[in-house]
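Worksheet: one structure, shown below.
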Amino acid sequence: MLAHLRRLQLKGGSGLNTGSALSYVHANHFTEAGGSRIQERVPQLLLLLLAGPSDDAYLQAANALVREGVLTFCVGASRADKAELEHIAFNPSLVYLMGDFSSLPDLPQQLIQPLTTYISGGVQEVPLTQPEGKRDILFLFDGSANVVGQFPTIRDFLYKIIEELDVKPEGTRVAIAQFSDDVKVESRFNDHQSKAEILNLLKRMKLKTGKSLNLGYALDYALRNIFVRSAGSRIEESVQQFLVLLVAGRSTDAVAGPANSLKQRGVIPFIFQAKNANPDELELIVPSPAFILVAESLPKIGDLQPQIVSLLKAAQSAGPVSGEKDVVFLIDGSEGVRSGFPLLKEFVQRVVESLDIGPDRVRVALVQYSDQPRSEFYLNSYMDQQGVINAIRRLTLLGGRIPNTGAALDFVLRNILTSSTGSRIAEGVPQLLIVLTAERSGDDVRGPSVVLKQGGAVPIGIGIGNADISEMQTISFIPDFAVAIPTFRELGTVQQVVSERVIQLNREELSTLKPVFLPSPSAGAGSKKDVVFLIDGSQNASPEFQHIRTLIERLVEYLDIGFDTTRVAVIQFSEDPKMEFPLNAHFSKDEVQSAVRRLRPKGGRQIYIGNALEYVLKNIFQRPLGSRIEEGVPQFLVLLSSGKSDDEVDDSAAELKQFGVAPITIARHTNQEELVKISLSPEYVFSVSTFRELPRLEQKLLTPITTLTSQQIQQILASAQYAPSVTESDAADIVFLIDSSDAVKADGIAHIRDFISRIVRRLNIGPSKVRIGVVQFSNDVFPEFYLKTHKSQSLVLDAIRRLRFKGGSPLNTGKALEFVARNLFVKSAGSRIEDGVPQHLVLFLGGKSQDDVSRHAQIISSSGIMSLGIGDRNIDRADLQTITNDPKMVFTVREFRELPNIEERVMFSFGTSGATPRPPSVEIVPPSRPEKKKADIVFLLDGSINFRRESFQEVLRFASEIVDTVYEEGDSIRVGLVQYNSDPTDEFFLKDYSTKRQIIDAINKVVYKGGRHANTKVGIQHLRLNHFVPGAGSRLDERVPQIAFVITGGKSVEDAQDASLALTQKGVKVFAIGVRNIDSEEVGKIASNSATAFRVGSVQELSELSETVLETLHDAMHETLCPGVTDVSKACNLEVILGFDGSRDQNVFVSQKGLESKVDTILNRISQMQRISCSGNQLPTVRVSVVANTPSGPVEAFDFAEYQPELFEKFRNMRSQHPYILTADTLKLYQNKFRQSSSPDSVKVVIHFTDGADGDLADLHRASEELRQEGKCQAS
């Protein structure tokens, strides 16, 4: 046979009829007469070698061979058509391509395995029409209120599209998801892999619904959770990924960032634009507007089905369009790479597969290096893609101890980027260098990288594992080209990005870029840095806290953590800071990441950034806690905040930067001005709409952290200008210093607290006006808040309301005076003493000091601080006179309950600073006090073994705090308490006690019952029958708010939902607090609604919950029950008037382009309201009317009716009228409509869009008040 083969001669001929040749071998060779043993089931193999495309039809002949069981292997060279070969071969993986037949000697080794392992019967017939090939298609569609009423149409539309596709595991895979405010995945690529399964799923699918349309979040979610291997996507196998997106409204979040990520990953999007979708937003997602299909209306979207099916079947991944360029891979071959070397080779191969290899297109070279470089192949070694890939597959690890990246860069410049080795650098062809390394370089990289870039090369640095990101940025053409990944496994995630960058960097693109020459990180010192993460742990940040945690974890992955390199600290803050761990706590990457993973949000309602900045400056950036600021090590602060600060940041931020710290700020929903004040420079200010966007900031955060030196930080800080703060003429700084010792007792603190609140209500509080600080003391000092902490009266009053008795003895007044002098009346605490603003100290004393007061009183006085002393009958008056240095500034009362008697004298004592109104001789109109509160509150406390004895004391303490905080002087609040296990026990009734002190004493005397079971149902029934009745002291008949507090530590032995519903329907607002062994769903069944349901993990967390509970309780206590209404349960009938007005000069439908979409969104949203404000599981009945007023009279789109989408067209018909106005008559129109309503007891709501009043403003105010008063006792 071999001898015969050697005698073969070239046949010649002008055409290539492959189809005819296949038919010939089928008819003459694969037959019994031709010697084939096909009937004996001996495997039949055909090896086809082609150098060009066929001139005749070949599919029928190829299929005939398949039907006979013949396996065809195809080898293509020169101009052979790859797609043609894949149709002929029994499997596309057995198509082998090469530049010319000179590479054939390498082929037998590749053929051996498939030839020897073939088992007969694995052949599949090739369809005569072109197959779709492999592709993954995600159908992501709008599931919000935008498509209510049209969902069946959308479902049928998707059904018909998928029915046309070749859905199977090795062909087209399909995923389906809906989105609104979040994403609901119906099926991933690996959930349902047959067409029948997918179509069955579609038939059963229900509309997700949702209040908003977060398109940006949906795109990001799809990239991170659906277009991934774990969800069945074959994106890492270079299978083309498609996104079919249906959008019917404007996005409520940012789209640009996720859209850009989608493009970088190579996903091809097709978008259906429907209803009020914003085309500008959608164009950010697609390569061109041609990828957007506009649906005239949702009912007509089916008309687009043939078009999208055709596009999906025809669309292929665009072939490589790389243009002319020379690409050199410089890969680390040291021992540190050994375990990841196969993945490194695979990455290089994938990038090469994306390039258009050819002598006049892309040329590729590869150099491996460790302590010495080795050229594997040159730019002129292989001129076809297969040749390059084969050479990559043959690579073996070079080995070596240290990668000398600098020397390797120099080698590439001198030996690879030369004409003799195939470089076209002299012709101006782009020279791209892809550097991959997994270790820090053993030599300098800056010098060679500068020469390389100046010589015309464009390096892209990819750092893996222990590689230094700052080295990668120094090497890269511009720092943004640098990529850092934690392990070799992540190479697949960046391959698409690198491939696209290589393809896009053509001559035109490079002409717009200039290389950046960064300073080289000096050995040792350059890698030293201290990084402090200051993170928002408030309630506002809690829902997205995991994204903050993940960001820190990922940044730490890229940093060189160690005692002598990078140190990390994490601090949380809300109202106050909490140190999670300092700079000297952890010195390995694993330790830091483990500590970060354990982080949980600390809670808290307010965010005091100014206070937190001061804390880190005084406590974290200090040598005892690991800071190396005194050694000149760069100090970085990464601040993550969920919103604008509730205190002033100016002074703290300025002081922090003057200390040499470089702050980098990231905030959600806040203005740039505050962030700029804090940041090192505006360049390091980053805003996000959601913390889900944090991953896109990783490289931007790493760049300053890894590249800025202490000297550069100082240069930036030196150039910064700090604007002086503005101070108004009525400014004053007032510090209240309160004796909270055993002698004063809890009663005394309550009276002092109320008195300070009365004073504060009369002051003009503000950052440039009056600032307040409060400190308590006994034997020790307890600062409550500083002068800079709260910048509004409401915040100061809230903080005062939270003051609690401290206790302790003996009384150390001297120590307290020293503390306020050193810590309150100083600039860092917000004092404006250096600006000449009057400084006041108001001291409350209830006993004699045990330490010396004279020395510290002298310091206070000599500092220009005016002191005022207030004491009860137990004080040493001489002490107060020593402190104030003026007998006229000493005021005494017999008991602290008499403090209101000296209010005017205290106000007058502030002098002419503007904090005081007028001398006492002038009549002063006291400010109106908030309305006195009335409420009947009964606590139902779980006394079973769900709470142990010591835990039950925490529950009682929580109940006491609620009463203590909510019950203010003059209020009419009654309290009862029931303890229960399997049966209830009455501790006291609403009628039993009439004062706050009596109630708190009674709570503190409750004795823990114990018991094996808790029957919450029986307990609630007991409240309804025995406590919320007149005989027990309930004032339900007087329309006083009725409130039940159920605190339980476990699931009830009987379902309590019906009992709670009965109590709610009686008119009682049920608050439910679950602790430990009870889930949120169970708690929600007990509460009147979701706003009054709370859950914590332990009794210790109850105190953190108190602020949230109090806020909701405050609202409940101010609800009014209307006269004559016998059923006091919440009404579940709502009537909504939606109105609008517009400019007289333009039609509002034209001038306000968003009006129609906003009205459509509102109408859909309110028509789907859940059981808000309803009792139990009732759903509201919502009737809506759209009406507006014109100069000639009202125009009504439709009267009160349950909204259906077809009514929207009636609203659109209002376009023809013009103009629409807002006057007093407009509100009277609404008033008359409500009066004529057929549901007089329904809740009335007006939603009005306006661009301003058109009539007399005073008349409008009067009409508004009339409308409000009329509705006050109709809507609760």
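Using only Cα atoms, find the angle between the long axis of helix 545-558 and the longest principal axis of the chain, and express it within 0 to 90 degrees, rounded to the nearest 10. Its long axis makes an angle of about 50 degrees.
List the pairs from K11/K82; K168/K263; K208/K644; K168/K203; K769/K888; K1210/K1244 whose alpha-carbon separation is above 28 Å, in the order I gave them.
On the way: K11/K82 24 Å; K168/K263 26 Å; K208/K644 33 Å; K168/K203 19 Å; K769/K888 26 Å; K1210/K1244 22 Å.
Over 28 Å apart, Cα to Cα: K208/K644.
Summarising the strand pairing of the chain, around 15 percent of its internal DSSP beta bridges are antiparallel.
What does the charge add up to near R1165, with Lys and Arg as +1, Asp and Glu as -1, over the other residues with Cβ less than 12 Å from its Cβ? Could the numbers behind the result be given before it?
Numbers: positive: K211, K1158; negative: D181, D1160.
Net charge around R1165: 0.
Here the accessible area is traced with a 1.4 Å probe on the protein chains. For the chain, carbon and sulfur cover 48 percent of it. Does the stretch 313-448 come out rounded, prolate or oblate by the C-alpha gyration tensor, with a ≥ b ≥ c the root eigenvalues, rounded set by a/c under 1.5 and, if not, prolate when a/b is larger than b/c and oblate if not? It comes out oblate by the Cα gyration axes. The R1012 and E1101 beta-carbon pair, evaluated with R₀ = 35 Å, returns a calculated FRET efficiency of approximately 0.90. A full extension of the chain between V516 and R338 corresponds to an added length of 60.9 nm, given 0.36 nm per residue minus the alpha carbon distance. Per-residue ellipticity at 222 nm from helix content only, as computed over the chain with -39500 (n - 2.57) for each DSSP H run of at least four residues, stands at -9500 deg cm²/dmol. Once the C-beta distance of N1077 and N260 is scaled by a Förster radius of 41 Å, the resulting FRET efficiency is 0.30 to the nearest 0.05. Once you put a point 7 Å from the Cα of R894 and another 7 Å from the Cα of T1181, both along the Cβ direction, what distance in nm separates them? According to this spin-label approximation, the distance is 6.3 nm. Ligands, DNA and RNA are left out, and with a 1.4 angstrom probe the accessible area of the chain is 43 Å² per residue. Each label was represented as a point 7 Å from its Cα along the Cα-to-Cβ direction; for E197 and D742 these points are 7.4 nm apart.
Against the chain, whose longest principal axis comes from its Cα atoms, helix 341-353 is set at around 70 degrees. Under 16 Å of direct C-alpha separation, and excluding same-chain neighbours fewer than eight residues apart, K345 reaches these aspartates and glutamates: E236, E237, D332, E335, E353, E376, E490.
Computed packing ranks the peptides 1256-1269, 382-395, 1058-1071 as 1058-1071, 382-395, 1256-1269, most packed first, by mean other Cβ atoms within 10 Å.
Using only Cα atoms, tell me the angle between helix 151-163 and the longest principal axis of the chain; keep it within 0 to 90° and round to the nearest 10. That works out to roughly 20 degrees. Non-local lysine pairs in the stretch 934-1118, meaning eight or more places apart or on different chains, with alpha-carbon distances under 15 Å, amount to 8. The stretch between D360 and R1212, if pulled fully straight at 0.36 nm per residue, gains 300.7 nm over its current Cα-Cα span.
With a sphere of radius 13 Å drawn around the Cβ of I875, what net charge do the other residues whose Cβ falls strictly inside it have (Lys, Arg +1; Asp, Glu -1)?
Numbers: positive: K848, R873, R877, R894; negative: D739, D872, D876, D879, E895.
Residues near I875 contribute -1 overall.
For the stretch 135-315, the square roots of the Cα gyration tensor eigenvalues, ordered a ≥ b ≥ c, give a/c below 1.5, which places it in the rounded category. Mind running the shape call on the stretch 529-719? Use the C-alpha gyration tensor, a ≥ b ≥ c as the square roots of the eigenvalues: rounded below 1.5 for a/c, prolate if a/b tops b/c, oblate otherwise. In terms of gyration-tensor shape, rounded. Relative to the Cα centre, the charge distribution of the stretch 325-512, modelled as +1 at Lys and Arg Cβ and -1 at Asp and Glu Cβ, gives a dipole magnitude of about 300 debye. Taking each residue as 0.36 nm, the span from S687 to D564 lengthens on full extension beyond its C-alpha to C-alpha distance by 41.0 nm.
The values are calculated or read from the model by the stated rules, or taken from the named source; none is laboratory data. All of these numbers come straight from a predicted model, not from anything done at the bench. Every residue, glycine among them, receives a Cβ derived from its backbone with ideal geometry; neighbour counts consider all protein chains shown. All accessible areas refer to the heavy atoms of the entire protein, side chains included, with ligands and DNA or RNA removed. Shrake-Rupley method; radii C 1.70, N 1.55, O 1.52, S 1.80 Å.
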